[in-house]
Amino acid sequence: MGFRFRKRVSLGSLVRLNFSKSGVSLGLGPRGANVNISQRGITRTVGLPGSGLSHQSFTSWQDAAPPQPPAPSAPRGKTNFIRFVLICLVLAGIYQVIARPSPPAAPPAAPTSSATRENPPTVELVEPPNRPLTTAEIQEVQTLLKRFGRDPGSSDGIVGPKTTQAVKLFEAARGWPITGNVDLRLLEYLRSPRATVVPPPQPSTVPPDAPRTIDASADDTALVLRVLRDTAHPCPILVRAVRVSDGSLRALCTNGEIYRLAQARGEWLAIRCSAAERMGVKGC
C-alpha cells in the first residue's frame, strides 16, 4: 500500500484548495455541481447528492488548447502550471477582499446642549476633615478660651471637665450645637479673625451678703434638667448650672431665661427669674 496525501482548505462555501501528491488543484461550485482545476486539466462533476448518481468529464490542457506550432519556449506543461498558479492567486485575493470584515462605525458623538455650554457643572467644595488635637494644640485652645472670657482651668493640654464646660459655654454663646468637642475646627475658629474677643469679666457687683455660687456637679446638672422638664419650663439647651450656698440651684438656658430651683416639702420646684437678673443675685 503506497503513501497517500490529500488536504482540502476551504476558502468559502464555493471555493476550495486541494493539496495532494500530484499537486495543487482548485475546486469551484457547490456540492453536486463542481469544477476542479488542476495542472493536468479540468474535471467537471454533476450528480445528485445522496443518490450515488453522478457524471464526470475530464479535459486536459492539451486538448483544450488549440493546435499551435511548436515553439522553442518552455514546455507546454510548465506554462499551464504557471497559469494555474496565477489563477489560484487571483481567486484567493478576490476572496480575501470580499470576506474582509468592514471596520466598526464610530459611535455618534453625544449632542451638546446649549444649556450645558452656558452652565458648566459646578464643583462642590469639600470641607477639610476634622481631627483630634495634640497636647500643644489643646494648650493653645485653653489659652484662647481664656481670651474669650471662659475658664478652662490650667493650660495643661488635658481635656478635663472644666475645659469641656468652657467649650460648651463658648458654643452656646454663639448659638452653635452644644458638643463640648475640642477639635481642629474649634481651634481654627479661635485662631481666625472672625472670632471676636470677649472682654474679661468685670468685677462682681453682687453685694457681700449675696449667696455664693459654684459650678454644679454632673448630678446637679442632671437634676436641673429633670426638674425643668417635669415642671414644663422651656429650656432648649442648658448653658450653665450652679449651686448656691443656700442649697438652691440656678439654671441659665440658651433662650436667656434664668430659673431658680429649690426644695419645698421634699420636692424640687422651679421659679422663672427675670431675664435681666444675673445668676447669684439675691432674691433669684
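The values are calculated or read from the model by the stated rules, or taken from the named source; none is laboratory data. Just so it is clear, the structure is predicted and the values come from calculations on it, not from any experiment. Quick reminder, even Gly has a Cβ in these numbers, built from the backbone with ideal geometry, and neighbours come from all protein chains shown.
Remarks
- Pairs linking a residue in the range 143-161 that is under 14 Å from Leu186 (Cβ atoms) to a residue that is part of a loop (DSSP other than H, G, I, E, B), with Cβ atoms under 7 Å and 6 or more positions apart or on different chains, are Thr143/Ser155; Leu145/Pro152; Arg147/Val197; Phe148/Val197; Phe148/Val198; Val159/Val182.
- Residues of the range 1-39 satisfying the condition of being farther than 26 Å from Leu53 by Cβ and more than 60 Å from the chain's Cα centre (by Cα): Met1, Gly2, Phe3, Arg4, Phe5, Phe19, Lys21, Ser22, Gly23, Val24, Gln39
- Any hit, the range 217-226, residues being at pLDDT 80 or above, more than 23 Å from Lys162 (Cβ to Cβ) and not assigned by TED's automatic domain parsing to the domain that holds Ala172: yes
- Residues within the range 114-156 that are small (Gly, Ala, Ser), surrounded by 11 or more Cβ atoms within 10 Å (Cβ to Cβ) and either in contact with a Lys or Arg (Cβ under 6 Å, 6 or more places away or on another chain) or modelled with pLDDT of 90 or more (or both), tallied: 1
- Residue within the range 204-214 that is outside any loop (DSSP other than H, G, I, E, B) and at pLDDT 80 or above present: no
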